[in-house]
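Notes follow the structure.
The values are calculated or read from the model by the stated rules, or taken from the named source; none is laboratory data. Predicted model only: the values in this text are computed from it and were never measured. Please note: Cβ atoms are built from the backbone with ideal geometry, for glycine as well, and neighbour counts cover all protein chains shown. Heavy atoms of the whole protein, side chains included, go into the accessibility calculation; ligands, DNA and RNA do not. Shrake-Rupley method; radii C 1.70, N 1.55, O 1.52, S 1.80 Å.
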Amino acid sequence: MTTVIPLDQETNQLNASSQPNETNIEDYDEFRRPPILEICLKHQSATQFAIADAKVDLNKNNLCPCCGQPVILTQLPLTASILDFSFNGPGVSLYFDFLVFSSILISTFIIICGIYDIIASSLGETCQLLNELGELECIDNFYSQFAKSNQDNKDVDIAGSVLNFITTLILIVLLFLYRKRINILANKIDEKSILASDYSIIVENIPRDAKEEEIKEFFSKINNHEYKIQKICMGFQIQQYLQILKQKQDQEKTFTKILECERLGKPIPPQLPNKVDLTQTLDQLANQLDKYEENFETSFQFSGVAIISYNTEDEANAVCKFFRATRLHLILSQVMRVIGQKDIRRFRDNVIVVSKAPEPGDILWGNLGVTLLEQYKRKLITNLATIFLLGICFGILFGLSYGQFSMTDTGKGEELSQAEIIAITVLGVIASVLISIINNILAIIIRKFAELEAPATKTEYDISAAKKLGFAQFLNTAIITLIVNLVIIKEGEKSYYAVIKQGGLNQDVMLIFITNGIMPWLTSIIDPFYLYKLFMRFQIQSQGQTCNVTQQEANEHFAGPMIDLSKKYAQLGKTLLFTFFYAYLLPLGPVLSLGSLLVIYWVEKFLLLRRDSKPAPTGSEMAEEMIDFFGEFTLLLYAIGCLVWETILNETIFPLTWVQFAIAILNFLIPIDTIFDSFWKTEDISTQEFYDTQCYKFWDDYDRRNPITAEKAIETFLKNTTEAPQQQQVDGRGNIVPKFQDYKKQDKKKKNKNKNKKEN
């Protein structure tokens, strides 16, 4: 672990808080007014992206009554390794690693092709010759001088084509090596901590009338092997409950507005409901929620999904291996069913799906009751809606480009006035900024679409949103810009002129490169939502006992923004696709993208360690899916770009470019990820610790994440960990360790390879 620096004085003093409003765990009320500032500060500290202080005794003053997390934390330095993020699972660590790898991919192009292309383009005189001949108005500036179109394009650039081919081969090797690196990093991070997911499996498609005892009996004895089950967390269909809860939260915010108007002596807006009626509504909603929570076993229908925790990780892995079903297994299961043979892989008559459980915070409990067929229907609808949105974007950009074309269409041989040149440039800047704004709007809408698909886990949601958003933003940024510039040309004008002319493709794309290099990290720093949080924190602290917001609202304001991996990966994927598609045409563009990624890395790392709150722990699936999707598309679009630009600029294609394209197609079509998983992916080393000796160390567990059982489970957990506060400490990863135990022993690896492991 790297050297750490302490939190600010205000946060660290929470341990010795002397406020008279000290709230017991069982007395915590998320809807109380005014909020208790001590709890707000505890929640702020507990949700920071930091590690638990190893020297702190556990007691109710050092635990957040809202989320059950320790409040005495130690910040990591800005120079911390990504392996130091292991306390939050592999998800965040692998994102930063993917950010570094993206920089390596772009650097590889710059070293092999970019330097040569920039020098060759700068030595060209095509733009100057066209001006002298009077064929085209071409402004000799940096984005035309360092563009491939400025090079002598009478003959194919053989050296450039060879370098592009070599770059493609090297990128394929790098992508393969990075898949292996992800696997190694994920295993290293997993070895650093023992989590509830290590011992757990998730089972889907269980009959919905099955009871917990029946499930326990079925999964305790499999294929004549006995397995010890420690806990079963049932998933319920809770959509209606969540709707009532959200309705109550919304009504509480409305009630806050009414109280705020009364405090300031302002008239209550007519659109707000009557205070008495609203109070009655809140009481009714609270009673409905209480009835659900008190009788949840009879109030909710079982969703068919259960998380089962075994006493050892080897037992969980063995059960997963036994139920692992290929398409052939499913077909044979159907055949056995027809001929009357019993298939022990079925639960009653249902084919069950068994896999290692995701992290507790990764599960979206409200979506567990949605069937696969319903999910596929929703995905089809959201995909069609995304295509419709891109059509609207195309219309907006087409209008701006047509305005540029109208200004440049002054007749052959006529020079543009200075005012017209300025107007064309301004329209180009507006178009590039508008593309950035549209991309942000797309991010909001596509995320809503991903929610409508009702995925079972946050990782599935992030993967769906990142793929849709990244590719949609690429189409909006790169392809629509290309189509618009090649469609709106003068009659008889060459496509080559549409690239190099003033207000043409070169200018538009270079302005997009510049905008794309600034906006992502700038909008992260100047976050209006975070500024609003700061304003609300000041209001809550200054108003004191007259504050009208609820405890839950106050806690949300004091918690920092949470890193959104789907949006981050989408932005990164779009940058890769856009950069490599236009790399051949504008070799200066990848240099700008590389500089942007370096700034993004340090800005996001600073914000994560000093401002953001820690997200729920996630696994390595997100990073694996992103490298498969964006990595393969990057290679393909790089090859397509080389074909397109050679066709437009040279009106012929060098044979080696066709070979490059064929290799990229094969790489895209062949399931490289499946081949890698079959031959090179290494399995996680199982921990040899027992669940019943480790469970009290878990700061995150399934029953504490399940909305129905969370309140009671958190209360029980906090009581259990505070019964003997003088005999327990937490280590650097937030795990509880006995004080009498030699702390040096905790530094040893908790996971050892079982050399005599038997396979069932």
Problem set entry | Verdict on Lys221 being touching a residue at least 24 places away in the same chain (Cβ under 8 Å) and more than 30 Å from Phe668 (Cα to Cα) | no
For this session: Would you mind telling me which numbered condition in (1) surrounded by fewer than 21 Cβ atoms within 10 Å (Cβ to Cβ); (2) out of contact with any His (no Cβ under 8 Å at 6 or more places or on another chain); (3) under 29 Å from Leu245 (Cβ atoms) Tyr601 fails?
Result: (3)
For this session: Identify, from the list Ile438, Ile424, the residue that is modelled with pLDDT of 75 or more, hydrophobic (A, V, I, L, M, F, W, C) and either in contact with a Ser or Thr (Cβ under 9 Å, 6 or more places away or on another chain) or within 30 Å of Met626 (Cα to Cα) (or both).
Result: Ile438
Seminar exercise, completed: Those helices (runs of 4 or more DSSP H) completely within region 32-136 that have 3 or more residues that are at pLDDT 85 or above are 37-46, 90-109, 115-122
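Condition check ((1) open to solvent by less than 50 Å² (accessible area, probe 1.4 Å); (2) free of Cβ contacts under 8 Å to residues at least 60 places away in the same chain; (3) touching a Lys or Arg at 6+ places or on another chain (Cβ under 6 Å); (4) not in a strand (DSSP E or B)) across all residues:
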{"residue": "Asp198", "(1), (2), (3), (4)": "yes, no, no, yes"}
{"residue": "Lys231", "(1), (2), (3), (4)": "no, no, no, no"}
{"residue": "Tyr241", "(1), (2), (3), (4)": "yes, no, no, yes"}
{"residue": "Asp250", "(1), (2), (3), (4)": "no, yes, no, yes"}
{"residue": "Cys261", "(1), (2), (3), (4)": "yes, yes, no, yes"}
{"residue": "Pro267", "(1), (2), (3), (4)": "no, yes, no, yes"}
{"residue": "Pro273", "(1), (2), (3), (4)": "no, yes, no, yes"}
Seminar exercise, completed: In region 543-557, anything of a type in the set (S, T, N, Q), open to solvent by less than 70 Å² (accessible area, probe 1.4 Å) and either without any contact (Cβ under 8 Å) to a residue 24 or more places away in the chain or assigned to a helix (DSSP H, G or I) (or both) is listed as Gln543, Gln551, Gln552, Asn555
Exercise. All but one of (1) at pLDDT below 90; (2) among the hydroxyl-bearing types (Ser, Thr, Tyr); (3) within 30 Å of Ile352 (Cβ to Cβ) hold for Ser200; which doesn't?
Worked result: (1)
Seminar exercise, completed: Every listed condition ((1) under 30 Å from Ile244 (Cβ atoms); (2) modelled with pLDDT under 85) holds for Phe347 save (1)
Seminar exercise, completed: Checked region 558-572 for anything open to solvent by 10 Å² or more (accessible area, probe 1.4 Å) and of a type in the set (S, T, N, Q); matches are Gln571
For this session: Among the residues of region 600-640, count how many are among the aliphatic types (A, V, I, L, M) and more than 19 Å from the chain's Cα centre (by Cα).
Result: 5
Exercise. Does region 208-223 contain at least one residue that is within 30 Å of Gln301 (Cβ to Cβ) and within 25 Å of the chain's Cα centre (by Cα)?
Worked result: no
